[in-house]
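Since the structure comes first, as structure tokens, the remarks are kept for the end.
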Amino acid sequence: MTVIPGLVRRAAAEAERHLREGIGLLVKVGRDLERSAELGRLLPAYIERMAILEQAVEAQDAELRTIRTELDSLVGQLNDRLLPRIDERMDDTERDLAAVATSLICTGRDTAGNRTRLEAAERRIGDLRTKVAQLEQRTGLWRDLQSTVARFGDDLDAMRARMALRAAEPPADASPAPVQNITDRPA
């Protein structure tokens, strides 16, 4: 039975391994005992420090709760005081903006209407300027005609004056020239 010695060897190896682990554990426990003794001496100091920290945390917690209560109160007061006014101001601003927009639209329409009227007036003024220029030209022609007629009148008066003098003194040698009829003229 070769199976049994193999099993025995395995069991012996396993027992040896467990013994070694146990010894390692005892060594660790021995070291931990020394540390445990040291920690046991420091434990009251740590407990005292923990108590001080807990008190400080509780004091800070109380302060933070007080601050939170004050902040909630301030937010509530701000909401009560400002929000209704903000809504009113927003409504007023919306009304003002609507009035300004309406005014701009009306001004734009009025401007467009005025622009149309101005363009019509400018066309009418242009027509009137053209007529004034034509009238000035006609006036200049009329004045030229008047001056020409006045000169013609002066020339006519001068001719009459010369003719009257000649009619009073007949020429000595000359006999009066016969007057031709307009229809008798040679062509």
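Observations on the model:
- Qualifying position, being at negative phi and at pLDDT 85 or above, among GLU119, GLU88: GLU119
- Some residue of the range 136-152 being polar (S, T, N, Q) and at pLDDT below 85: no
The values are calculated or read from the model by the stated rules, or taken from the named source; none is laboratory data. Computed from a predicted structure; not experimentally measured.
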